[in-house]
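Here's the structure, in structure tokens; my notes come after.
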Amino acid sequence: DDQDAGEVDQQWHGPWTVAREMHDAKEAAAERRQKQLEEAERAEAVVKEFSVAWTPRKGPRRRKRAAKRIPALLELCVQTLVEYSDSMVGLGSVPSELRARFALALCQRNKLNDLTLGIVIEPHVAEIVIPNAAPLEEKSLVDKIAALEGDAVETIKLVNAGRCVSDAGGVPRLLGRKFASSLRHLALDGCYKLSDDGCAALLHQLRNLETLSLKYNHRIGSKTCDALKSADLRKSLRLLCLNFCPMIRPEDLVSIVEHLPALSNLEMAGREDLDDGTLGKMLERVGSRLKALDVSKCPSLTGKSIRRLRDLAPELEQLNLSSCYGLEDDDIRVLFRVQEEPPAANDDEAPSDGSEKRAVEGTGNPLTKLQVLMMKEVDVLDETVEALVEAIGHSVRTLSFDSCDELTDRSMVAIGRGCHLALRDLNMSFCRKITNEGCGYLADNCAGLRLLRLWGCTQISDKFLSGHRNLALVVEGNYEQSFHSPKLKSA
């Protein structure tokens with residue numbers, strides 16, 4: 001009987017059992033409601049403590065007046081050219097910037113093909129910029145590049161070039177042979193047919209390359225890394241982008257930066273194997289001259305990397321730490337908190353209890369030269385934002401706190417007070433604890449702010465959108481439409 005009772009521990013659901021279960025469930029539900037009420041009261045107390053005194057402007061609703069935007073003349077011209085691109089012969093001697101804008105419009109309208117490619121790549125061009133090369137055939141691209149006059153091309157940027165760049169098709173060999181001395185800027189992103197041997201052979205031929213982007217190339221590896229250490233690239237290469245290149249080993253990254261003394265911009269996003277030790281070794285070799293660093297989506301990095309970054313990269317101007325899930329709020333605060341040097345330890349100053357003195361980590365100066373800081377999906381609190389503003393508010397131009405859902409109006413006030421001179425672009429998307437008052441205070445105090453992203457902030461209403469006083473501000477978000485002043489877009 002005891003064995004049977006142990007195997008089947010069930011109770012008969014009679015009136016008494018049901019009543020007892022209902023009573024227990026009622027008590028549990030009451031506890032949950034009480035806990036929710038207490039949390040709501042604490043949240044309300046925090047909001048009241050940091051409430052913002054902001055009054056929306058009175059007068060007509062600007063949002064209605066800005067409903068229909070007047071496009072700029074240049075935009076109308078580009079749209080017209082794209083509309084009739086099938087009948088065009090070429091663009092002539094337009095500046096390279098306008099040619100790149102025309103190519104972007106073609107890609108956005110899905111009108112880039114073998115026919116319109118001849119308009120983008122004319123024989124006399126000095127730059128080839130194609131934002132989406134996915135529709136192109138490799139033979140057409142080879143023919144257009146082979147027809148270019150001389151070796152005057154300085155810039156080639158092909159994004160999503162998987163179909164049109166491969167070893168067999170000949171684009172890498174053609175680029176290396178034709179533009180070995182003239183090419184300064186090269187981007188071959190998303191070339192899934194480009195092998196490690198083909199990429200290495202191309203880099204060995206280029207002598208004056210200054211910027212190189214090889215994002216999303218899953219086949220390049222150690223041979224490409226060896227080619228990056230060549231004597232020619234060692235003198236000139238300043239920017240290197242190796243985002244999402246899984247075949248490149250961490251030890252190869254350390255060796256690369258050691259052999260590139262001119263390197264100042266480094267992007268290594270999307271590397272799960274990039275840990276504190278590897279990044280620390282790289283910073284020891286390149287940190288003193290580093291101007292821009294992108295280590296977004298590197299989940300193995302922790303606070304040790306942040307402290308090394310603070311101590312070894314004082315000249316940093318651009319930093320991307322987005323989606324580094326190993327970082328905590330205290331780690332980020334180390335970047336901007338001034339700490340005193342620990343006193344020198346000696347026998348006379350030894351503590352009476354016999355314990356040894358420990359040096360304080362992170363005693364370098366805060367990164368006061370940062371102009372661009374991206375921290376999407378990083379756990380930061382209002383206190384960290386206040387320390388950040390105190391350290392770099394005078395210089396920062398772009399800030400991103402996308403999905404930092406613990407930030408409140410306290411951060412908005414700090415940014416409005418400390419970043420009112422330099423800030424131009426702010427992303428507070430999915431920060432659902434900010435309010436209309438906080439956004440209004442920020443917009444009115446930051447006269448230079450031109451773009452505010454509020455995607456996912458459904459609590460922001462027309463009170464802010466039509467009530468702030470910054471006529472040049474563009475607000476992007478999941479509203480009926482992005483709201484802006486007519487003056488900005490028609491300029």
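The values are calculated or read from the model by the stated rules, or taken from the named source; none is laboratory data. It should be emphasised that the depicted structure is a prediction, and the values quoted were computed from it without experimental measurement. Every residue, glycine among them, receives a Cβ derived from its backbone with ideal geometry; neighbour counts consider all protein chains shown. Please note that ligands, DNA and RNA were not included when accessible areas were found on the heavy atoms of the full protein model with its side chains. Shrake-Rupley method; radii C 1.70, N 1.55, O 1.52, S 1.80 Å.
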Legend entry - Where Asp402 falls short, out of the listed (1) at pLDDT 95 or above; (2) surrounded by fewer than 18 Cβ atoms within 10 Å (Cβ to Cβ); (3) acidic (Asp, Glu): (2)
Inset, instruction - Go through segment 145-163 residue by residue and tally those that are in contact with a strand residue (DSSP E or B) (Cβ under 7 Å, 6 or more places away or on another chain) and either open to solvent by less than 10 Å² (accessible area, probe 1.4 Å) or in contact (Cβ under 8 Å) with a residue 40 or more places away in the chain (or both). - result: 7
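Consider Glu315 carefully, then state whether it is under 21 Å from the mean Cα position of the chain (by Cα), closer than 23 Å to Ser213 by Cα, open to solvent by 10 Å² or more (accessible area, probe 1.4 Å) and at pLDDT below 95. Spell out how you get there, then give the answer.
Values: under 21 Å from the mean Cα position of the chain (by Cα): yes; closer than 23 Å to Ser213 by Cα: yes; open to solvent by 10 Å² or more (accessible area, probe 1.4 Å): yes; at pLDDT below 95: yes.
Spelling it out, Glu315 is indeed under 21 Å from the mean Cα position of the chain (by Cα), closer than 23 Å to Ser213 by Cα, open to solvent by 10 Å² or more (accessible area, probe 1.4 Å) and at pLDDT below 95.
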Legend entry - Cross-chain or 6+ apart pairs with Cβ under 9 Å, segment 71-96 first and of a type in the set (S, T, N, Q), then part of a loop (DSSP other than H, G, I, E, B) and open to solvent by 80 Å² or more (accessible area, probe 1.4 Å): Gln79/Arg109; Ser85/Arg109; Ser93/His124
Inset, instruction - Within segment 392-409, track down each residue that is charged (D, E, K, R) and closer than 16 Å to Asp425 by Cβ. - result: Arg397, Asp402
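Considering only segment 437-452, state which residues are of a type outside the set (A, V, I, L, M, F, W, C) and either part of a helix (DSSP H, G or I) or surrounded by 20 or more Cβ atoms within 10 Å (Cβ to Cβ) (or both).
Start the filter on segment 437-452 by keeping residues that are of a type outside the set (A, V, I, L, M, F, W, C), which leaves 437-438, 440-441, 444-445, 448, 450.
Hits for segment 437-452 are Glu437, Gly438, Gly440, Tyr441, Asp444, Asn445.
Condition check: loosely packed, with under 12 Cβ neighbours inside 10 Å, in a helix (DSSP H, G or I), modelled with pLDDT of 90 or more and not aliphatic (A, V, I, L, M). Does Thr116 satisfy that?
Details: loosely packed, with under 12 Cβ neighbours inside 10 Å: no; in a helix (DSSP H, G or I): yes; modelled with pLDDT of 90 or more: yes; not aliphatic (A, V, I, L, M): yes.
Here the answer is no, as Thr116 does not meet what is asked.
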Legend entry - Search result, residues across segment 97-113 that are part of a loop (DSSP other than H, G, I, E, B) and in contact (Cβ under 8 Å) with a residue 24 or more places away in the chain: Arg109, Asn110, Lys111, Leu112
Inset, instruction - Filter segment 382-397 down to residues that are assigned to a loop (DSSP other than H, G, I, E, B) and touching a strand residue (DSSP E or B) at 6+ places or on another chain (Cβ under 9 Å) and give me whichever is least open to solvent (accessible area, probe 1.4 Å). - result: Val396
Legend entry - Filter result for the condition that a residue is farther than 25 Å from Leu260 by Cβ and part of a helix (DSSP H, G or I), over Leu141, Leu136, Leu148: Leu141
Inset, instruction - Mind listing whichever residues of segment 164-175 are surrounded by fewer than 18 Cβ atoms within 10 Å (Cβ to Cβ) and among the charged types (D, E, K, R)? - result: Arg173
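Report whether or not Asp330 is closer than 24 Å to Tyr216 by Cα and either in contact with a His (Cβ under 7 Å, 6 or more places away or on another chain) or of a type in the set (Asp, Glu) (or both).
Numbers: closer than 24 Å to Tyr216 by Cα: no; either in contact with a His (Cβ under 7 Å, 6 or more places away or on another chain) or of a type in the set (Asp, Glu) (or both): yes.
No, not satisfied.
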Inset, instruction - Enumerate the pairs (first residue in segment 411-436 and closer than 17 Å to Leu465 by Cα and hydroxyl-bearing (Ser, Thr, Tyr); second residue anywhere and in a helix (DSSP H, G or I) and open to solvent by 30 Å² or more (accessible area, probe 1.4 Å)) with beta-carbon separation below 8 Å, excluding pairs fewer than 6 apart on the same chain, so at least 6 apart or on different chains. - result: Thr435/Val47
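This table checks each residue for (1) open to solvent by 90 Å² or more (accessible area, probe 1.4 Å); (2) at pLDDT 90 or above; (3) among the polar types (S, T, N, Q).
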residue	(1), (2), (3)
Glu31	yes, no, no
Ala43	no, no, no
Gly59	no, no, no
Ile70	yes, no, no
Leu73	yes, yes, no
Legend entry - Conditions (1) surrounded by 17 or more Cβ atoms within 10 Å (Cβ to Cβ); (2) assigned to a loop (DSSP other than H, G, I, E, B); (3) in contact with an Asp or Glu (Cβ under 9 Å, 6 or more places away or on another chain); (4) not small (Gly, Ala, Ser); number of the one not met by Pro299: (1)
Legend entry - Filtered residues of segment 265-284 (kept if among the charged types (D, E, K, R) and either open to solvent by less than 20 Å² (accessible area, probe 1.4 Å) or part of a helix (DSSP H, G or I) (or both)): Arg271, Asp276, Lys281, Glu284
